[in-house]
Amino acid sequence: MNAIAPWGGFGLGLRRDHYHDFLSGNVAVDFVEVISENFMVDGGRPLRVLEQVRAKLPVILHGVSMSIGSAHGLDREHLTKLKTLADRIEPLWVSDHLCWTRTSAHNSHDLLPLPLTRGALGVVCDNIDRAQEFLGRAMLFENPSSYLTFPEDEMPEWEFLAEMSLRTGCYLLLDVNNIHVSACNHGFEAADYLAGIPADRVRQVHLAGHTPGEIVIDTHDAPVCDAVWDLYAKAMSMLGDVAVMIERDDAIPPLPELLTELARARISTSAALGTEKAA
Amino acid sequence: MSALALRQQEFLACLLDDATPLPAGWDTRRVAGMAVYRNAYRTRLIDALRETFERTAQLVGEDAFRRAAAHHLITNPPTGWTIDLTGERFAETCAELFAHDPDVAEVACSARRPSRRRWNACLDQDMPCSGGKKSGLCLCSSPNKTGAPWRVCSAGARSAKCARLSRKRSALPKLRRALARCCWAGSNWV
């Protein structure tokens, strides 16, 4: 499987609210990320917009429905449509989540948590091997936010991710907000999580907002909070060149607001690296 | 069946139905976590149905629509990878639940495929006007004067009105049990 070279930059999700901004001018981002499934269609305006934006900027395809942890295997129709889209768009890379979304009978359309067991790791690795083989490219997988753990868990999530990457050659998309959310919900130290991640396998970082509470919920509907910015600075001091992105999927503000937040990521990265490289 | 497959089948059964007992030994933290997943599942899918069946929701009112959507998700839980298919057979669900008001199913039928998001896509491909004379809804592909790529004509659309759910005896408990048990091998898995 072809390696994915480190690539540095700062980007945003391409959302319908901002189509006009991206089409009509030069938005100060290095790339955009889109939800793959929204464009896995035969034609229409969204796909045309994506192709127009792709002519200007690199694109990352980020999926939510591969269900890489499904004990029932992968959905060939989904994979086929994803491959068609990837071949058409020529993205920087294709990513999805470490989770499962369905059984062979039903689909939850949600990112559900996996038991962190040796057995589940084997299933995930087999599915990743098949997906990467089918797509003809190495993929990235993102650490999910989660709201429960299983009594049968045998290892922490960071160990699961490290072993998964080692065995399959896949790369990691490190969602710093998800680390914070899961750390709050499950009581582990976020610093332990970062220390257990193989930094040389990380190619992308996600930042997002969440909803605090007795259970912290990953809602993507608010600015990045200070605790996540602090964790981001720690993460960036460990990582090399990575693509950094701010996710906002609800209560989407005007584009300048997101660009201001992205500027903070650039400054924080510069400070973490002790250079002006990212500025 | 592997331990993971059993766990996932059990988890999904709990997700689909509050009445399914949670696994033995789960503490209150895990119970609270499951409640988050249950809420997210229902909210996401009911929102998707509302987006696709916007006119139906306007016709019957929010409360009745939510109850009908929740019923539909139990009797027709999603199977496909795309959330757009969640609305399949929703018109039939409406025909059953709003048996006293055939207009509801008729409006739902006019919207069920393609979904609202697919409408955006299809209409940009210069699909011919879909008509919709019976329901009073008409999708037109030609750009309107404001430059928007598509528009919805709703000359015949009615304002929201109260609609009572049919009080016929519900088969939901039986369906719930069947859903919790069923797991069949698909032919399209790799």
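None of the figures in this text is laboratory data; all of them are computed from the coordinates on show. What you see is a predicted model, and the numbers here were worked out from it, not measured in a lab. Every residue, glycine as well, gets a Cβ built from its backbone with ideal geometry; the counts of neighbours run over all protein chains shown.
Things worth noting here:
- Computed FRET value (nearest 0.05) for A:Trp229 with A:Arg130, which takes r as the C-beta separation and R₀ as 41 Å: 0.65
- Gap separating the Cα centres of the stretch A:7-52 and the stretch A:63-133, nearest whole Å: 23 Å
- The loop-placed GluC sites (Glu not before Pro) in the stretch A:198-279, going by DSSP, that have at most 11 neighbouring Cβ atoms within 10 Å of their Cβ come out as A:Glu214, A:Glu276.
- Note on A:Lys234: aspartates and glutamates with a C-alpha under 12 Å away, same-chain residues under 8 apart excluded, are A:Asp192.
- Rounded to the nearest 20 debye, the dipole size of the stretch B:57-99 about its Cα centre is 80 debye, using +1 on the Cβ of Lys and Arg and -1 on the Cβ of Asp and Glu.
- Estimated 222 nm signal from helices in chain A, with DSSP H stretches of n ≥ 4 weighted -39500 (n - 2.57), rounded to 500: -12500 deg cm²/dmol
- Loop-resident sites, the stretch A:136-166, for GluC sites (Glu not before Pro), counting at most 12 other Cβ within 10 Å (DSSP): none
- Net lengthening on full extension, B:Arg44/B:Trp26 (0.36 nm per residue, minus Cα-Cα): 3.9 nm
- In a DSSP loop and with at most 13 other Cβ atoms within 10 Å, there are no GluC sites (Glu not before Pro) in the stretch A:1-82.
- Segment B:Ala3-B:Glu51, length gained on full extension (0.36 nm per residue, minus Cα span): 13.5 nm
- Here the extension length gained between B:Glu96 and B:Ala19 equals 25.4 nm, from 0.36 nm per residue of separation less the Cα-Cα distance.
- Eligible aspartates and glutamates near A:Lys81 by straight Cα distance, threshold 19 Å, same-chain separation 8 or greater: A:Glu33, A:Glu37, A:Asp42, A:Glu51, A:Glu90, A:Asp96, A:Asp129, A:Glu133, B:Asp84
- Cα-projected label distance for A:Glu189 with A:Thr84, points at 7 Å along beta-carbon direction, nm: 5.0 nm
- Residues whose amide H falls under 5 Å from that of A:Asp153, counting only those 5 or more places apart or on a different chain, are A:Leu116, with hydrogens built in the peptide plane.
- Amide H partners (placed H, <5 Å) of A:Asp30, local residues excluded: A:Phe10, A:Gly11
- Counting Cβ atoms of other protein chains within 10 Å of each Cβ in A:106-118 and taking the mean gives 6.
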